[in-house]
1. If I filter segment 55-65 for residues that are in contact with a helix residue (DSSP H, G or I) (Cβ under 7 Å, 6 or more places away or on another chain), of a type outside the set (A, V, I, L, M) and in the same structural domain as Arg184 (by TED's automatic domain parsing), do I get at least one hit?
2. Could you check segment 60-86 and list, in sequence order, the residues that are near the ligand (Cβ under 9 Å from one of its atoms) and part of a loop (DSSP other than H, G, I, E, B)?
3. Could you say which residue among Tyr190, Tyr114 is among the aromatic types (Phe, Trp, Tyr) and surrounded by fewer than 18 Cβ atoms within 10 Å (Cβ to Cβ)?
4. Residues Phe86, Phe17, Phe38: which one is modelled with pLDDT of 95 or more, aromatic (Phe, Trp, Tyr), within 30 Å of Ser165 (Cβ to Cβ) and surrounded by fewer than 12 Cβ atoms within 10 Å (Cβ to Cβ)?
5. Give the residues of segment 148-195 that are among the charged types (D, E, K, R), in contact (Cβ under 8 Å) with a residue 40 or more places away in the chain and in contact with an Asp or Glu (Cβ under 9 Å, 6 or more places away or on another chain), sorted by residue number.
6. Do any residues in segment 68-84 that are without any contact (Cβ under 8 Å) to a residue 24 or more places away in the chain and under 18 Å from Glu40 (Cβ atoms) have Cβ atoms under 9 Å from those of residues that are within 16 Å of the ligand (Cβ to nearest atom) and part of a strand (DSSP E or B), where the two are at least six apart or on different chains, and which pairs are they?
7. Identify all residues within segment 143-164 that are crowded, with 18+ Cβ neighbours inside 10 Å and at pLDDT 95 or above; write none if there are none.
Amino acid sequence: MITIEQARKDIRELLEFIGEDPDRVGLQETPDRMIRMFGEMFRGYDPSQKPVITTFPNGQDGIIYDNMVVDCGTFYSVCEHHCRTFFGEYWFAYLPNPKGRILGLSKIGRVVDYCSSRLQVQERLVQDVVKMLTEALGEENPPFGMALMMKGRHMCKESRGARKSGMMTSTCLTGAFRRSARVRQEFLSYISSPQ
Ligand SMILES: [Zn+2]
């Protein structure tokens, strides 16, 4: 376990390594600021910060919902190869089981945020999110399928190296979304293409 004092020292050395003077006025507080920022950016390693995923029995309020539920939003993560930001938009969908449970809508974004808050590759991020949401709905009467698509801009590709802009798309499909072209097509019809 690395102490805060050690982390502060390591960041100072990293600043020196890139040719900086860690004692100049503008940088004196930088190691502490970075340590505080890491606590937020990398909270996905801390199980105590795992979001509690509220679910409801389908039909609880007199309506059994068995159509596709779609949610979308933004995400920010850090690539594990270069420790550079990648960020973009996601689209999530699932087909609730009439005998199963329904996800609290705000929880989807919280799971995306939690899984994004560690060093990631976009291919694993989509899987982590789907796995956590699948587990939350339980093994008894699971949903008929889940889908997640993420489109991300990777700063390690855009601001260095290849220096090419453009989106990377990754998907994770389970159940009916994997088996049925019709279900997949319905999901894709909800997705707008940000450019
Ligand atoms: Zn990278």
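1. So in segment 55-65, the residues in contact with a helix residue (DSSP H, G or I) (Cβ under 7 Å, 6 or more places away or on another chain) come out as 55.
Checking the rest, the ones that are also of a type outside the set (A, V, I, L, M) come to 55.
From what is left, the residues that are in the same structural domain as Arg184 (by TED's automatic domain parsing) are 55.
Checking segment 55-65: at least one residue is in contact with a helix residue (DSSP H, G or I) (Cβ under 7 Å, 6 or more places away or on another chain), of a type outside the set (A, V, I, L, M) and in the same structural domain as Arg184 (by TED's automatic domain parsing).
2. Glu80, His81, His82, Cys83, Arg84
3. Exactly one of Tyr190, Tyr114 is among the aromatic types (Phe, Trp, Tyr) and surrounded by fewer than 18 Cβ atoms within 10 Å (Cβ to Cβ), namely Tyr190.
4. Values: Phe86 fails: surrounded by fewer than 12 Cβ atoms within 10 Å (Cβ to Cβ); Phe38 fails: surrounded by fewer than 12 Cβ atoms within 10 Å (Cβ to Cβ).
After applying the criteria, what remains is Phe17.
5. Within segment 148-195, just Lys151 meets the criteria.
6. That search, which allows pairs on different chains as well, returns Thr74/Phe87; Thr74/Gly88.
7. The answer is Pro143, Phe144, Gly145, Met146, Ala147, Leu148, Met149, Met150, Lys151, Gly152, His154.
The values are calculated or read from the model by the stated rules, or taken from the named source; none is laboratory data. The structure presented is a predicted model; accordingly, all values stated were derived computationally and were not measured. No Cβ is skipped: glycine too gets one built from the backbone with ideal geometry, and neighbour counts run over all protein chains shown.
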